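Some notes on the structure that comes next.
A short reminder: the numbers here are calculations on the coordinates, not readings from a lab. In this text, all values refer to a predicted model and were calculated from it rather than measured experimentally. In this analysis, Cβ positions are derived from the backbone assuming ideal geometry, glycine residues included, and neighbour counts consider all displayed protein chains.
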Amino acid sequence: MSRQCLSRVTATVVLSLVMGAASAVDNPTNLAGAIVVSAEQARELQAKGVIVVDARSAAEYAEAHIDGAINVPYKEKSAKAPDFDAAQDAVDLTKLPSDKSAGFVTYCNGHDCWKSYKLSTVAIKAGHSKVYWLRDGLPGWKAKGFPIK
């Protein structure tokens with residue numbers, strides 16, 4: 001194999017590894033304006049009447065969701081990055097509590113899912129003041145053995 005060919009193969013492999021890693025980027029560990037909660041805390045909030053919001057697609061919600069959660073699908077096209085462009089995405093905020101001081105918990109598929117992070121961010125920018133984010137998402141809820149439907 002020629003040196004030039006070997007260089008191209010190496011570059012292709014490196015680029016593939018970098019792109020693969022970039023596609024599974026974990027969401028941030030915190031979110032300005034929101035309170036990051038554990039599955040236990042989310043369950044306590046739900047028991048107190050706080051709405052739980054599933055930001056995943058309707059199909060994912062139908063497959064399995066936190067018992068009692070409502071579905072507010074966040075349709076994302078923007079980058080999986082803290083400075084995402086919400087204008088590229090779609091979500092129906094009218095499904096959230098009309099009282100913007102009423103709390104709600106958002107979740108999706110865990111650390112590599114950005115939908116609940118983005119929904120929380122957009123809701124905060126729209127004036128919601130009591131947003132709880134279950135960063136561990138449905139996997140964290142299931143790991144605790146909490147009820148799903």
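If you place +1 on the Cβ of every Lys and Arg, -1 on the Cβ of every Asp and Glu, and leave all else neutral, what size is the dipole of segment 25-143 about its Cα centre, to the nearest 20 Debye? It would help to have the intermediate numbers written out before the result.
Values: 14 positive and 15 negative charges, 49 e Å.
Charge dipole of segment 25-143: 240 debye, to the nearest 20.
Apply the Karplus curve 6.51 cos²θ - 1.76 cosθ + 1.60, θ = phi - 60°, to the phi angles in segment 34-44 and return the couplings in whole Hz, x for Gly and Pro.
10, 10, 7, 10, 7, 4, 4, 5, 4, 5, 4
Tell me, what ³J(HN,Hα) does each residue in segment 110-117 have, in order and in whole Hz, if you take phi through Karplus 6.51 cos²θ - 1.76 cosθ + 1.60 with θ = phi - 60° and put x for Gly and Pro?
Karplus-based 3J(HN,Hα) across segment 110-117 equals x, 4, 9, 9, 9, 4, 6, 4 Hz.
Simple spin-label model, 7 Å along Cα-to-Cβ: Ser38 to Ala58 in nm?
In this crude label model, Ser38 to Ala58 measures out at 3.7 nm.
Could you run the Karplus curve 6.51 cos²θ - 1.76 cosθ + 1.60 with θ = phi - 60° over segment 60-72 and give me ³J(HN,Hα) per residue in whole Hz, x for Gly and Pro?
After applying 6.51 cos²θ - 1.76 cosθ + 1.60, I find 5, 4, 5, 5, 5, 7, 4, 4, x, 6, 9, 9, 10 Hz.
Compute the Kirkwood hydrodynamic radius of segment 25-143, taking the inverse of the mean of 1/r over all pairs of distinct Cα atoms, and give it in Å to one decimal.
Details: mean 1/r = 0.0722 Å⁻¹.
Value: 13.9 Å, from the Cα pair sum.
Please list, in chain and number order, the residues 5+ apart from Val52 or on another chain whose amide H is under 5 Å from its amide H, with Hs placed from the backbone.
Ile70, Val105
If you place +1 on the Cβ of every Lys and Arg and -1 on the Cβ of every Asp and Glu, how big does the dipole about the Cα centre of segment 82-135 come out, in debye to the nearest 20? Working shown, then result.
Details: 7 positive and 6 negative charges, 43 e Å.
Using only the charged Cβ atoms, the result is roughly 200 debye.
Share of Cα-Cα pairs in segment 23-67 beyond 11 Å, in percent?
For segment 23-67, the fraction of Cα-Cα distances above 11 Å is 76 percent.
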